[in-house]
Amino acid sequence: MSESSPQTVPEVPIRRAASVLMLRENNGGFEVFIQHRVSTMDFAAGMVVYPGGRVDPKDSATAASGHLGETIISAHCKQWAGTAVWDEGEAAAPQKAGEILAAALREVHEETGLSLEPGQLFPWANWVTPTGFPRRFDTYFFVAALAAGQEPAHQTTEAVRSHWAKPEELFAALERGELKMMRPTQRTLLDAMALGTIEQIASSRPVIKAVHPDPRDSHSSHPVRSTEISAPRS
């Protein structure tokens, strides 16, 4: 009797996505705009997240239009140097960076009604869902300091509510088990908190390297400790 051949696990495609930490000043510190995702979602169900979503074909046309600004895209390309934006080389990087920026702007508008300027978004981090998950994303995080009068609203069916929150209060609630945040969400917010002010956050301009977390930790909602996952920054 012949031995049975091992089953082949189908490869899960990695989809690009964008997520935006929208920040505003608050008593010397800052607040971040968050969403509480619906518990029945097939990804990040019940989690606290930032506005964002997948890169769509329409974002390619926006990137190719030149409306995002050549100088802005060039700066973003440099910051995404350690990510898949450069997988096909320097010639393809501007289009890829533009598609990600276009997705971030579009998703913020669709989910909050707010129209941000391309120059308000700064690359912040890149996390890739490890193998073994039914859905995998190559997620590009941005920070955006909102100007006076720019007020996002809750208008997405993917979340039960959206609101401004102080990072310290979010982590206190996480410790008490009152909410859940995936590791990438926690780590990107902790990195912002470490810099202290919105001005320092927006001017930090990190050169970002893709983070490929341990599959056991990637979607865990347990609080991150200082000795745990740290996104490479320079």
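The values are calculated or read from the model by the stated rules, or taken from the named source; none is laboratory data. Values in this document were obtained by computation on a predicted structure and should not be read as measured data. Don't worry about glycine lacking a Cβ; one is built from the backbone with ideal geometry, like all the others, and counts go over all protein chains shown. The accessibility values were calculated without ligands, DNA or RNA, using every heavy atom of the protein model including side chains. Shrake-Rupley method; radii C 1.70, N 1.55, O 1.52, S 1.80 Å.
Per-structure values
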read-out	value
Among residues of the stretch 50-83, those that are assigned to a helix (DSSP H, G or I) and open to solvent by less than 30 Å² (accessible area, probe 1.4 Å), counted	6
Residue in the stretch 105-118 that is surrounded by the fewest Cβ atoms within 10 Å (Cβ to Cβ), counting only those that are in contact with a helix residue (DSSP H, G or I) (Cβ under 9 Å, 6 or more places away or on another chain) and under 13 Å from Ala144 (Cα atoms)	Ser115
Candidates Gln200, Gln155, filtered to the one that is surrounded by fewer than 19 Cβ atoms within 10 Å (Cβ to Cβ), part of a helix (DSSP H, G or I) and not hydroxyl-bearing (Ser, Thr, Tyr)	Gln200
Conditions (1) of a type in the set (A, V, I, L, M); (2) closer than 22 Å to Leu170 by Cβ; (3) within 12 Å of the chain's Cα centre (by Cα): number failed by Leu146	(3)
Test for Phe142: is it open to solvent by 10 Å² or more (accessible area, probe 1.4 Å) and closer than 30 Å to Val85 by Cβ	no
Of the criteria (1) modelled with pLDDT under 90; (2) open to solvent by less than 20 Å² (accessible area, probe 1.4 Å), which one Val211 fails	(1)
